[in-house]
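S.K.: Before we start, here is the structure in question, set down as structure tokens.
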Amino acid sequence: QPDDRGLIGDVPVLRVTRRGPEAVHFVLAALEPGAEVLLSLDWERRFDHMQQHSGQHLISAIAEQMFGFKTTSWELGRQRSVVELDTPLVTAEQVEALEKSVNEKIRDRVPVTVRELAADDPEVETVRSRGLPDDHVGPVRVVDIKDIDSNLCCGTHVSNLSDLQVIKLLGVEKGKKNKTNLVFLVGNRVLKSLEQSHSTEKALTSLLKNGPGEHIEAVKRLQSSVKLLQK
């Protein structure tokens, strides 16, 4: 998950990285040691990451429950996110069923909670995980989606699935090593994508002088005309 941004006093935070148990902040200017400062968080960025990350947990859990597809990695991108599934094929029907199921869970307003376990607690072995970093110290953090999923995770998450608003699965792409990448948007990213699509549709309607349902045929006719002129 990408790092948080914000201000320490009035100094912008450019990047945050982890060194063992410590969070190291890279800032635009030097800060006075020992000074008392007000921390300000870029909430829009944080909430976006919370929505995408909790959405990924939900998608991964339901994909495994419904079809046995295990998640081997994922990426929270700037515009879209991707879950890598350990399967060579995901059908359009499976994508549709998965999207329907995860959105039903959102409407069910399922709680999401966070708890800590000792690293040697036997329960750690029962929680879904891709392993701990080699430099991990201290307790481990578990994110629970009630009756759906328990996952070792140090990321930021919503407190209820209803905060996700909606999940849109954009489709699948061929992944590496016989795997499949499932592309998705969650929450505010869905609304932004819809707004962009609507703006594009309005512009095309104005340029092509026809309705949205006729855009494709109009473009095909234009392409044919261009090819004839080029002969």
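S.K.: Restrict the check to the stretch 1-13 and report whether at least one residue is of a type in the set (Gly, Ala, Ser) and either in contact with a strand residue (DSSP E or B) (Cβ under 8 Å, 6 or more places away or on another chain) or loosely packed, with under 14 Cβ neighbours inside 10 Å (or both).
M.R.: Yes, the stretch 1-13 has at least one match.
S.K.: Being buried (at least 16 other Cβ atoms within 10 Å of the Cβ), among the charged types (D, E, K, R), outside any loop (DSSP other than H, G, I, E, B) and in the same structural domain as VAL140 (by TED's automatic domain parsing) is true for just one of GLU99, GLU93. Which residue is that?
M.R.: After ruling out the rest, the residue left standing is GLU99.
S.K.: Here's something else I'd like to know. Filter the stretch 62-77 down to the residues that are out of contact with any Ser or Thr (no Cβ under 9 Å at 6 or more places or on another chain) and crowded, with 19+ Cβ neighbours inside 10 Å and list them by number.
M.R.: none
S.K.: Checking GLY155 against (1) free of Cβ contacts under 8 Å to residues at least 12 places away in the same chain; (2) surrounded by 17 or more Cβ atoms within 10 Å (Cβ to Cβ): exactly one of these is not met. Which one?
M.R.: Here GLY155 clears every test but (1).
S.K.: GLU75 - would you say it is over 13 Å from LEU169 (Cα atoms) and free of Cβ contacts under 8 Å to residues at least 60 places away in the same chain?
M.R.: So GLU75 fits the description; yes.
S.K.: Okay, moving on. Does LYS146 satisfy the condition of being surrounded by fewer than 17 Cβ atoms within 10 Å (Cβ to Cβ), closer than 23 Å to ARG78 by Cβ, within 22 Å of the chain's Cα centre (by Cα) and among the basic types (Lys, Arg)?
M.R.: no
S.K.: I've got another one for you. Could you grab me the full set of residues in the stretch 171-206 that are closer than 15 Å to SER81 by Cβ and among the charged types (D, E, K, R)?
M.R.: Hits for the stretch 171-206 are GLU173, ARG189, LYS192.
S.K.: Got at least one residue in the stretch 168-182 being charged (D, E, K, R), in the same structural domain as ILE59 (by TED's automatic domain parsing), under 19 Å from PHE47 (Cβ atoms) and buried (at least 17 other Cβ atoms within 10 Å of the Cβ)?
M.R.: yes
S.K.: Specify the residue that is surrounded by the fewest Cβ atoms within 10 Å (Cβ to Cβ); the eligible residues are those in the stretch 117-143 that are closer than 21 Å to ILE59 by Cα, of a type outside the set (S, T, N, Q) and modelled with pLDDT of 85 or more.
M.R.: The extreme case among them is ARG141.
S.K.: If we keep just the residues of the stretch 210-231 that are over 37 Å from the mean Cα position of the chain (by Cα) and charged (D, E, K, R), which is surrounded by the most Cβ atoms within 10 Å (Cβ to Cβ)?
M.R.: Only one residue tops the list, namely ARG221.
S.K.: Can I ask one more? Considering only the stretch 177-191, I want to know if a residue exists there that is closer than 23 Å to ASP4 by Cα and without any contact (Cβ under 8 Å) to a residue 40 or more places away in the chain.
M.R.: yes
S.K.: Here are some residues: LEU28, LEU39. Which one is touching a Pro at 6+ places or on another chain (Cβ under 9 Å), farther than 29 Å from SER150 by Cβ and without any contact (Cβ under 8 Å) to a residue 60 or more places away in the chain?
M.R.: LEU28
S.K.: Another one. Just to verify a result, which residue in the stretch 24-61, among those that are outside the structural domain of ASN181 (by TED's automatic domain parsing) and of a type in the set (Val, Ile, Thr), is surrounded by the most Cβ atoms within 10 Å (Cβ to Cβ)?
M.R.: Step by step, filter the stretch 24-61, then rank; the result is VAL27.
The values are calculated or read from the model by the stated rules, or taken from the named source; none is laboratory data. Predicted model, so just to flag it, every value in this text is computed and none were measured. We place every Cβ from the backbone using ideal geometry, glycine too, and count neighbours over all the protein chains shown.
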